[in-house]
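The structure appears below as structure tokens.
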Amino acid sequence: MPEKSLSYLTFNPSQVTPAIKSLFLPSDPASVRCFAVLAGQAAGKIFTDNPEDPSWAVLQEAAFGSIYMAGLLQPTMLQQLVANLRMEGDVLVGLWSEDPRWSLLPPGPDYSGHTIEFADHTLDQPPMKVPAGCKLVRLNHSLSKQITGRNMLIHMYGSLQLALEWGYGLCLLREDELLCEAFAGPCANSVIEIGVETQPHHMHKGYATITCSQLIHQMEHLGFNTYWNCASANQASIALARKLGYQTQKEYRLLAWFKPESQPSSSN
């Protein structure tokens with residue numbers, strides 16, 4: 001049985017019921033991460049008052065600590081939940097600016113900013129060519145020892161094995177040197193998120209554009225719609241999303257409550 005804590009029950013994704021899943025809104029920002037947890041395709045935790053007949057539910061995805069709120073939430077309960085979750089790690093909330101649920105959240109966040117999500121990639125845009133002397137290799141256990149995003153993938157999925165099983169990564173190599181890595185995942189409802197990391201000494205050479213272009217093309221060939229998300233202050237990521245051919249961008253507000261005595265983590 002789920003453990004009762006204060007006035008809510010704590011679940012893992014394997015215990016999600018259809019009633020809980022139906023509360024969450026696909027229209028919320030970065031909802032692909034929420035629904036990936038609900039589908040058991042990403043790590044996270046779910047809180048509710050009643051699994052079979054819930055009046056509310058809150059989901060926290062493990063990678064960034066973002067929470068998603070659904071149903072008839074009470075401010076006191078939600079604020080206590082945020083306070084509890086802060087003891088374990090950062091807590092992020094992203095909502096559209098006009099969303100009435102802002103009034104439910106605790107006052108005095110440690111961070112307030114904006115994030116942009118990109119969608120509607122130009123489907124007929126051909127992938128960029130791989131440079132001479134380079135090759136693209138699918139991410140595997142051996143290459144995972146070199147990638148910058150290894151720890152993030154483990155947090156996101158719960159283990160590297162699950163990351164390789166549920167996501168899809170491409171690495172751009174010159175001989176045995178890793179230049180750039182791009183990863184597709186998590187995914188839900190035929191939407192898959194794209195992320196990229198370039199080795200610091202290989203930045204500003206176009207490798208991220210090439211690697212992402214190839215990865216997006218492969219995902220679209222498999223029937224996915226791709227999605228891009230970055231902080232509004234990340235001008236390089238915004239420029240890359242536009243260069244890759246994303247047609248729609250929407251800005252939403254992001255608040256964060258950081259774990260006490262911790263440094264701010266990268267925002268989603």
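Mind counting the residues in the stretch 194-213 that are within 15 Å of Leu178 (Cβ to Cβ), assigned to a helix (DSSP H, G or I) and touching a residue at least 12 places away in the same chain (Cβ under 8 Å)?
Number satisfying all stated conditions: 5.
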>> Looking at the stretch 126-147 only, could you name the residues that are within 23 Å of Ser66 (Cβ to Cβ) and at pLDDT below 95?
In response: none
> When only residues in the stretch 109-125 that are surrounded by 15 or more Cβ atoms within 10 Å (Cβ to Cβ) and under 21 Å from Gly206 (Cα atoms) count, which is modelled with the highest pLDDT?
Replying inline: Phe118
>> Looking at the stretch 108-119, I want the residues that are over 22 Å from Trp228 (Cα atoms) and have a partner that is at pLDDT below 95 with Cβ atoms under 9 Å, at least 6 apart or on another chain. Which pairs are those?
In response: Asp110/Pro264
> Taking the stretch 76-97, which residues are among the hydroxyl-bearing types (Ser, Thr, Tyr) and assigned to a loop (DSSP other than H, G, I, E, B)?
Replying inline: Ser97
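The values are calculated or read from the model by the stated rules, or taken from the named source; none is laboratory data. Since the structure is predicted, the reported quantities are computational estimates derived from the model, not experimental observations. Methodologically, a virtual Cβ is constructed for each residue, glycine included, from the backbone with ideal geometry; neighbour enumeration extends over all protein chains shown.
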